[in-house]
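Enquirer: Below are the structure tokens for one structure; questions will follow.
The values are calculated or read from the model by the stated rules, or taken from the named source; none is laboratory data. Just so you know, these numbers come straight off a predicted model, no measurement behind them. Ideal geometry is used to build each Cβ from the backbone, glycine not excepted, and the neighbour counts take in all protein chains shown. Each accessible area value is taken on the protein alone, full model and side chains, heavy atoms only, with ligands, DNA and RNA left out. Shrake-Rupley method; radii C 1.70, N 1.55, O 1.52, S 1.80 Å.
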Amino acid sequence: MDLSPEAIQKILSRYKFRDVAIEELQKVHRIHPAMKPVAGTYTFSDGTQKDLLKLIGNIPVKYEGRSYNLPILLWLMDSFPFTPPICLLRPTTNMVIREGKHVDARGRIYLPSLHNWDHPKSSVVGLLAEMISQFEEEPPLGTKSTGDNRDPNELLAFVSNLKINEGGVQHHDHLINKVTVIGGGDLGMASVMSILAKGKVDRLVFIDVAESSTKGGSMDLEIFNLPKVEVSKDLSASADSSVIVVTANAWSNEQSYVSVVQTNVDMYRGIIPGLVRLSPNAVLLIASQPVDIMTHVAWRQSGLPPSRVIGAGCNLDSERLCHVLDISLNTHKQAWIIGELSDNKVPVLSNILIGASHQHPEIAPRSKATKPLLDRAFEMLKGRGQRSWSVGLSIADISHSILVDQRKTHSVSTLAQGWGGIGAEVFLSLPCVLGVSGSTRLAGVSLGQEEDAKLRESVTSLCALLSQLKI
């Protein structure tokens with residue numbers, strides 16, 4: 001492989017593991033001499049750019065006894081080979097991408113080996129072998145004039161003699177509302193059915209991860225073949241999701257509470273970074289327990305801004321509070337329950353009426369008149385547990401607000417640092433306006449002495465638990 005051009009040498013000099021990267025490229029050249037290195041500028045999802053190397057070439061694919069070539073492009077990150085390449089198809093202007101399990105509408109390729117990348121066990125040579133195997137089963141490209149029922153041989157014959165070039169990737173303008181639910185069991189199934197019932201999802205992927213102790217439902221979903229639902233055991237099926245709901249719990253037989261929570265933290269470490277890599281623009285919605293801790297863990301492990309990592313938190317209790325105030329107590333203002341999902345929860349009232357979407361909501365200052373009302377409503381809610389089906393409905397409510405950019409205010413677990421004088425880095429349920437870009441926290445307000453003490457107690461206990469976890 002010729003790495004001598006000045007542009008390539010200049011970029012290679014900035015690679016963190018230059019010598020190891022060169023060795024890996026030479027291995028690729030020995031098996032796939034048609035793959036050529038090219039200097040280029042990669043644009044990340046946040047608009048930032050970086051000069052990187054890319055491998056361009058064709059891979060040989062056999063289909064029904066005949067051999068063809070498929071054009072691909074691999075961007076090599078500056079930490080290559082310890083991070084996986086970003087893999088893309090390179091269709092010409094006469095081709096369109098066949099979106100499937102391993103290819104999204106933009107031509108990006110997702111494979112198990114990319115998700116589980118672990119150099120030196122993982123290599124580009126092994127990745128290309130897997131790519132060839134998958135594409136022999138499901139050709140990823142189609143011609144613009146080819147109908148869905150036409151023989152893929154027509155496409156493959158067209159690309160069999162393609163020259164290596166800088167062909168671009170075909171983009172689809174239509175963005176689908178895709179939601180992925182991670183984790184089986186009652187809550188996972190309740191979330192799937194509730195999200196479908198809301199009707200604003202184009203595609204729903206259900207992934208029952210092996211590490212989770214909450215299992216079940218995937219076989220039944222496969223048997224009854226619900227519209228819009230894909231059942232998978234591969235995290236790569238979550239690619240390009242708008243919302244990712246995580247309900248999985250990995251409870252262990254450990255005796256201490258810290259050890260039990262640590263098993264969930266360890267499970268998250270194996271799935272959260274991969275989910276974000278596959279769906280860099282998604283909003284993570286966490287429902288694993290304890291929700292405030294696990295939302296914090298997901299935020300830390302994902303590298304996403306806090307506005308894009310939220311927990312189901314006190315949304316269910318808040319909706320119930322609004323209902324009681326509206327129906328039973330004839331008070332038609334929005335209300336929320338804030339704080340930790342524990343006995344330290346605190347009810348607060350809004351300054352606007354229920355359904356007044358044209359007004360900007362704010363938390364109303366606590367007064368002598370509102371305290372008895374909220375205390376009475378709060379008392380009426382006691383004894384109402386958080387069953388799987390009810391939490392599933394709450395998750396669907398949150399997901400709906402994000403998917404349709406509803407700008408509705410929910411009490412969800414979010415980074416509370418800086419709110420109401422909270423200095424610690426903890427997650428608590430606070431009123432947040434939700435939309436496609438995630439959450440926007442409402443401004444803090446002075447609480448009563450009793451309510452403020454409850455929040456402070458929660459902050460202290462959450463910090464103590466976090467300090468004992470290996471995130």
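Enquirer: Which lysines does Lys333 reach when only Cα atoms under 29 Å apart count, and residues fewer than 8 places away in its own chain are ignored?
Expert: Once the sequence-local lysines are set aside, what remains near Lys333 is Lys198, Lys200, Lys345, Lys368, Lys371, Lys382, Lys408, Lys454.
Enquirer: For the range 6-143, how big is the tail of P(r) above 21 Å, as a whole percent of Cα pairs? Write out the running numbers ahead of the final one.
Expert: Details: 3953 of 9453 pairs.
Tail fraction, whole percent: 42.
Enquirer: Of Arg106, Arg308, Arg90, which has the most accessible area and how do the rest follow, probe 1.4 Å? Don't skip to the answer; put the middle values down first.
Expert: Working: Arg106 95, Arg308 40, Arg90 5 Å².
Result of the area sort, largest leading: Arg106, Arg308, Arg90.
Enquirer: Ok, one more. Can you tell me the order of 407-414, 220-227, 273-280 when each peptide is scored by its average per-residue count of other Cβ atoms within 10 angstrom, highest first? Display every interim value, and only then the final one.
Expert: Values: 407-414: 25.0, 220-227: 11.5, 273-280: 19.4.
Top of the packing list down: 407-414, 273-280, 220-227.
Enquirer: Only one of the values (1) 23.2; (2) 22.6; (3) 24.4 was calculated from this structure for Kirkwood radius over Cα pairs in Å; name its label.
Expert: (3)
Enquirer: Could you work out [θ]222 nm for the chain from helices alone, using -39500 (n - 2.57) per DSSP H run of at least four and dividing by all its residues? Round to the nearest 500 deg cm²/dmol.
Expert: On the way: 13 runs with 156 residues, N = 471.
Calculated mean residue ellipticity at 222 nm is -10500 deg cm²/dmol.
Enquirer: In a solvent-free Debye calculation with one equal scatterer on each Cα, what is log10 I(q)/I(0) for the range 178-311 at q = 0.11 Å⁻¹, listed in the order of the q values?
Expert: Evaluating at q = 0.11 Å⁻¹ gives log10 I(q)/I(0) of -0.35.
Enquirer: Just the number, please: percent antiparallel of the DSSP beta bridges in the chain, rounded to the nearest 5.
Expert: Numbers: 48 of 68 bridges.
Beta bridges within the chain, antiparallel portion: roughly 70 percent.
Enquirer: Using the Karplus curve 6.51 cos²θ - 1.76 cosθ + 1.60 with θ = phi - 60°, work out ³J(HN,Hα) for each residue of the range 74-84 in order, rounded to whole Hz, and write x for Gly and Pro.
Expert: 3J(HN,Hα) across the range 74-84, in whole Hz: 10, 7, 9, 5, 6, 9, 4, x, 8, 10, x.
Enquirer: Let me ask something else about it. For Lys27, give me every one of the lysines with a C-alpha distance below 27 angstrom, ignoring sequence neighbours fewer than eight places off in its own chain.
Expert: Cα-Cα hits under 27 Å: Lys10, Lys16, Lys36, Lys50, Lys54, Lys62, Lys121, Lys163.
Enquirer: Roughly what % of Cα-Cα distances in the range 360-471 sit above 19 Å, to the whole percent? Numbers along the way, then the final one.
Expert: Details: 3664 of 6216 pairs.
Tail fraction, whole percent: 59.
Enquirer: Amide H of Gly313: which non-local residues (sequence gap of 5 or more, or other chain) have their own amide H closer than 5 Å, using H built in the peptide plane?
Expert: Ser413
Enquirer: Could you grab the relative contact order for the chain? Cα pairs under 8 Å, six or more apart, rounded to a whole percent. Kindly include the intermediate steps, with their values, before the conclusion.
Expert: Details: 909 pairs, mean separation 52.2, N = 471.
In percent, rounded to a whole number, it is 11.
Enquirer: Projected onto the charge dipole of the chain (+1 at Lys/Arg Cβ, -1 at Asp/Glu Cβ, origin at the Cα centre), which of Met95, Ser238, Ser350 gives the Cα projection farthest towards the positive end?
Expert: Ser350
Enquirer: Place the peptides 259-269, 449-459, 2-12 in order of packing, highest mean first, counting for every residue the other Cβ atoms within 10 Å and averaging per peptide. Don't skip to the answer; put the middle values down first.
Expert: Numbers: 259-269: 19.5, 449-459: 16.8, 2-12: 13.3.
The packing order, highest mean first, is 259-269, 449-459, 2-12.
Enquirer: Now for a separate question. Accessible area, 1.4 Å probe, largest first: how do Ser13, Ser242, Ser232 sort? Walk me through the intermediate numbers first.
Expert: Working: Ser13 80, Ser242 35, Ser232 10 Å².
Most to least solvent-accessible, the answer reads Ser13, Ser242, Ser232.
Enquirer: A further question on this structure: Can you give me the accessible area per residue for the range 6-143, using a 1.4 Å probe, in Å²?
Expert: Numbers: 6150 Å² over 138 residues.
Result: 45 Å² of accessible area for each residue.
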